[in-house]
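Taken together, the values in this text are just the output of simple stated rules run on the coordinates, not laboratory data. Please read these numbers as outputs of a predicted model, since none were measured by experiment. Glycine also receives a Cβ, built like all others from the backbone with ideal geometry; neighbour counts cover every protein chain displayed.
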Amino acid sequence: MQVNETGAFVPTVVAFCCNWCSYAGADLSGTNRLQYPSNIKIIRVPCSCRVNPMFILRAFQRGADGVILCGCHPGDCHYTTGNYYTRRRMTLLFSMLDYLGIERERTRVEWVSAAEGQKFAETMKSFAAEIAALGPNRRLEDLRCRK
Amino acid sequence: MQKLGVFVCHCGTNIAATVDVKAVAEALGREPSVVVSTDYPYMCSESGQNLIKDAIREHSLDGVVICSCSPRMHENTFRKAAAQAGLNPYMVEIANIREQCSWIHKDREEATEKAIVLGRAAIAKVLLNTPLTAGESPVTKRALVIGGGIAGIQTALDIAEAGFPVDIVEKEPTIGGKMAQLDKTFPTLDCAACILTPKMVDCAQNENIRILSFSEVEEVTGFVGNFTAKIRRKARYVDETKCTGCGLCTEKCPVKKVPNEFNLGMDNRRAVYIPFAQAVPKVARIDPDWCNMLKNGKCGLCSKVCTVGAIDYKQTDTVLEEHYGAIVAATGYEPIKVDRYGEYAYAQSKDVITSLEFERLTNAAGPTSGTLLRPSDGRHPHTIVFIQCVGSRCTPEMGKTYCSKICCMYTAKHAMLTREKYPDTDVYVFYIDVRTPGKNFDEFYRRAAEEYGVHYIKGAVGKVMPRADGTLDVQASDLIMNEQLHINADLVVLAAAIEPSKTARRLATMLTASMDTNDFFTEAHPKLRPVESPTAGIFLSGVCQGPKDIPETVSQASACAAKVIGLLSKNKLTGNPCVAHSDEWMCNGCSNCASVCPYGAITYLDKDFRMPDRSTKTRRVASVNPAVCQGCGACTVACPSGAMDLYGFSNSQIMAEVDAICK
Ligand SMILES: Cc1cc2nc3c(=O)[nH]c(=O)nc-3n(C[C@H](O)[C@H](O)[C@H](O)COP(=O)(O)OP(=O)(O)OC[C@H]3O[C@@H](n4cnc5c(N)ncnc54)[C@H](O)[C@@H]3O)c2cc1C
């Protein structure tokens, strides 16, 4: 668990972004110098549908406190239907997390287009704040993975 | 042990101002496997690239991480540089420390820390990269155009002019499509046949074009550059190679009461017929539903009068198999059926007609030789009411939600032409909005309303009641004057919405091309790739992609041809090597992957496996066609056994990144 100089909890957040919309949206918020917290780290994937729910669980196991998955808006997928699969798979993952008693707020799905730099930054800010409020992920972290 | 090089870019001060680049290079230099780690003001400059190339050669690097701007910016630059130094270009990974770090953070310490983490993630990934080579596939230099309306005709002519052979497959006995049925065309009012039929003849005479009329595509396999299509040539009972189109058989045929579909059933044709005088190919067809000879073996008159022996009652369907590099969908549209709108009494009264029927009634080659007469009694109508948006801009239950786009203009055309030819006629147009965006379109509509005295009324028609005296009582509301109207009309013309050809959906499935909820084909990008379908090698032309008038159809058709020519000009296609692949030993042949693949890139093979006990077992396994796969990765997640993986974004690579970030 990371803390800042004032002792406040700084969550680790993994953001999966599809190459065509959300990753470009993230680039745009960079180009426009829109700030969001540095504890968010982006992993580029070709499409949101490339993200196996397993990757999300893996992130929690390795100590992530929140995972956000961003893709093109429904109907705009570069691969036509990829984000529809994402939407269904994530719905299933959410119900599984519910079943296991794990806060579903730790995982979020957002549609961010390549033009929505502002939305990207806002989303990241709000998500990071939400996770910080939730506190560290204790349920899914595998302590054996801790360095 | 792999040897990696890390190169940290300052991007002038873009990165260096907020990220301590030296500290990043130093920290990443301490990672195992990294043998060289350095920074430079502009990595993308020639000297920066030389620095990378020299390091690759000097240290025989197996992989390279570049901490710089977004990979969307310079991934290709650095891949090329690596390739020039003899390293596989796919052994390069980029950590985006500009757009996703220096530009969005102000605190130098924080930004530096994040840059190091991003660098570590890229190192973790590149350690699992594998050298990839983009596959190459040959291109069959021939195009298939499905649909022979003005869209298909224009596309085929342009492709043929560029020197490539084209086949036009048209389901009807002649090419020409809907435009052949039109009378005059807005906004210039030139006659449709005068501008269309020369193009149809050009098609017939162009040695690069083969017209396969009265034929349908049955099956398409393959992928961009390498399609194979099965085309059914339906029996027309007339030998196309012999028939001269003299028309003698059509005059002698004793079966005279066959509804003529070209005139929308408003007059009759014979059982053996040529659809219209300028049909291409000008070849007769025998309609098996009406021909006495085909139905009960009695007659044979046409065969007796045919001087060239073209009649062949024993003709059967044949199936052609052809190879193509590109396929164009140009299947056009149909007006919707209007009998469902009971309020307009289309089914009750012969004098309620559709706009397309109106075109035939005013056409010199139509059932009335161009004199506008009421279908019921053949009298000249004195009051005509046009109703716009019949089934367009409706609720989904009642019709189409979209605007059919052409109706405002052709209704203005009809109204204007009527007033010009029959100045004693009163013409009313009921509209929701008049939509006339287009060159010279609004001027055209205003001429109809202002110069030709057409009564345009904003409002809806509630009911059309046929009356005993043969007139039609049109009950409507005028929304501007806020009053109820009764108009005693002789003829009511419905501007029916248009919808894609009924065959389009089956075709889209065959082509793995996508469609919208209205069954219009969708383009690869609504703005930037408007004439391509998302499936490589499939192109879109004309109304099958969305409602359009002729000028727009023709420009799109030519744009489409340009794209096809671009593809056919290539000798080889290089693919994206970041595609899916399946581990045959792990695959259990369940077909989950194939069912989520939007491109139909996955097929199944029966493969022999040598088992540990030396026996041979045959199993069904998935096989990905790398030329078709676009690398989205949907299949990798659908695969229950974990057999499917994606080159360049493999499960282990992504998880290594996750691990590096969460450390
Ligand atoms: C009443 C009316 C009046 C109009 N007036 C004008 C006007 O004045 N000016 C103007 O600019 N536009 C006008 N239009 C619009 C014009 O008709 C269209 O823009 C034009 O015809 C579109 O051409 P297309 O080739 O895309 O489609 P179509 O003309 O529909 O051609 C499609 C062709 O594909 C064939 N086909 C379909 N499915 C298959 C298949 N599976 N296999 C093989 N072949 C297939 C069809 O048989 C047809 O021949 C009017 C339309 C209507 C309804």
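With all projection directions averaged, the alpha carbon convex hull of the stretch B:544-663 covers 12.7 nm². Taking other C-beta atoms within 10 Å as the exposure proxy, A:F9, B:F186 rank A:F9, B:F186 from fewest upward. Here the scattering of chain B is modelled by Debye summation over its C-alpha atoms, one equal scatterer each and no solvent; at q = 0.11 Å⁻¹ the log10 of I(q)/I(0) is -1.10. The calculated 222 nm mean residue ellipticity attributable to helices in chain B amounts to -8000 deg cm²/dmol, summing -39500 (n - 2.57) over DSSP H runs of n ≥ 4 and dividing by all residues. In chain A, helical runs assigned H by DSSP with n ≥ 4 each contribute -39500 (n - 2.57); averaged across all residues and rounded to the nearest 500, the mean residue ellipticity at 222 nm is -12500 deg cm²/dmol.
When the trypsin sites (Lys or Arg not before Pro) in the stretch A:7-86 are filtered for DSSP coil states and for at most 14 other beta-carbon atoms within 10 Å of their beta-carbon, the remaining sites are A:R33. Its Kirkwood hydrodynamic radius, worked out from the mean inverse distance over all distinct Cα pairs, puts the stretch B:467-509 at 14.0 Å. In the calculated pair-distance distribution of the stretch B:4-126, the portion above 24 angstrom amounts to 15 percent of the Cα-Cα pairs.
Taking the centroid of alpha carbons for each part, the stretch B:566-640 and the stretch B:390-420 are 48 Å apart. Going from the fewest other Cβ atoms within 10 Å to the most, the residues B:D239, B:D645, B:D606 appear in the order B:D606, B:D239, B:D645. Panel order for B:V117, B:V21, by other beta carbons found within 10 Å of each beta carbon, from fewest to most: B:V117, B:V21.
Size of the stretch B:414-544 from its Cα atoms: along the principal axes, largest to smallest, the extents are 57, 36, 31 Å.
Among the trypsin sites (Lys or Arg not before Pro) in the stretch B:173-268, those placed in a DSSP loop whose Cβ has at most 11 other Cβ atoms within 10 Å are B:K256, B:K257. May I ask for the Rg/Rh ratio of the stretch A:26-134, computed from Cα atoms with Rh as the Kirkwood radius, given to two decimals? Using only Cα positions, Rg/Rh for the stretch A:26-134 is 0.95.
Here, the stretch B:335-499 has an Rg and a Dmax of 14.8, 45 Å when only alpha carbons are counted. For the stretch B:580-647, the relative contact order is 46 percent, taking Cα pairs closer than 8 Å that sit 6 or more residues apart in sequence and dividing their mean separation by the residue count. Beta bridges assigned by DSSP with both partners in the protein assembly as shown are antiparallel in approximately 45 percent of cases.
Normalised by 2.2 N^0.38 Å, where N is the number of residues, the C-alpha radius of gyration of the stretch B:248-305 stands at 1.08. The rule of thumb for compact globular proteins, 2.2 N^0.38 Å, goes into the C-alpha radius of gyration of the stretch B:571-625 1.37 times.
Of the trypsin sites (Lys or Arg not before Pro) in the stretch B:508-569, the ones in a loop by DSSP (not H, G, I, E or B) with at most 14 other beta carbons within 10 Å are B:K527.
Could you run the Debye sum over the Cα atoms of the stretch B:55-142, one equal point scatterer each and no solvent, and tell me log10 of I(q)/I(0) at q = 0.15, 0.19, 0.20, 0.22 Å⁻¹, two decimals? Listed by q, the Debye log ratios stand at -0.63, -0.87, -0.93, -1.04.
For the stretch B:189-298, the equivalent ellipsoid derived from the Cα gyration tensor has semi-axes of 28, 21, 14 Å, listed largest first. Volume of the convex hull of the protein assembly as shown (Cα atoms only), normalised per residue: 228 Å³.
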